[in-house]
Amino acid sequence: MKRRWRIFAVTSLLVLTLILLGSVLFVIPQFALPILIGKAAVSTGITLQLTDDYSPKQFGFIFSMSGGSIFFQLLKFVTPVTAIMASLLYIKTRKAELSH
């Protein structure tokens with residue numbers, strides 16, 4: 001072990017880096033995609049107007065959905081991914097069935 005500590009340390013760091021990279025690649029599509037779709041579909045705004053003596057004159061809050069419903073936009077992304085996952089599961093199941 002004393003002679004090969006450098007190889008062991010480099011290999012351990014490489015494995016740790018690959019595990020962390022794999023974790024990031026797992027988290028980004030699962031959680032970030034719905035958040036990005038929701039952010040793109042909904043627009044908000046706040047309007048605040050003050051008079052000359054800095055007292056509030058007008059205050060408004062705008063909430064609007066752009067490009068259709070959030071659920072419709074989410075379905076445009078989730079449906080193909082779900083279909084691909086189902087077809088890959090089917091192919092793997094058939095392959096496992098045929099190999100026995």
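Brief remarks follow.
- Inter-residue pairs, beta-carbon under 6 Å, first surrounded by fewer than 10 Cβ atoms within 10 Å (Cβ to Cβ) and in the stretch 37-62, second of a type in the set (Phe, Trp, Tyr), 6+ apart: Thr44/Phe63; Ile46/Phe61
- Verdict on Ile70 being at pLDDT below 80 and in contact with a Lys or Arg (Cβ under 9 Å, 6 or more places away or on another chain): no
- Filtered by the rule that a residue be at pLDDT 80 or above and in contact with a strand residue (DSSP E or B) (Cβ under 8 Å, 6 or more places away or on another chain), the stretch 20-49 gives Gly45, Ile46, Thr47, Leu48, Gln49.
- Among the conditions (1) without any contact (Cβ under 8 Å) to a residue 12 or more places away in the chain; (2) closer than 30 Å to Lys76 by Cβ; (3) not β-branched (Val, Ile, Thr); (4) not in a helix (DSSP H, G or I), Met1 misses just one, which is (2).
- Of the residues making up the stretch 1-19, those that are loosely packed, with under 10 Cβ neighbours inside 10 Å, of a type outside the set (Val, Ile, Thr) and at pLDDT 75 or above are Lys2, Arg3, Arg4, Trp5, Arg6.
The values are calculated or read from the model by the stated rules, or taken from the named source; none is laboratory data. None of these values were measured; they are calculated from a predicted model. For neighbour counting, all protein chains shown are included, and Cβ atoms are generated from backbone atoms with ideal geometry for every residue, glycine included.
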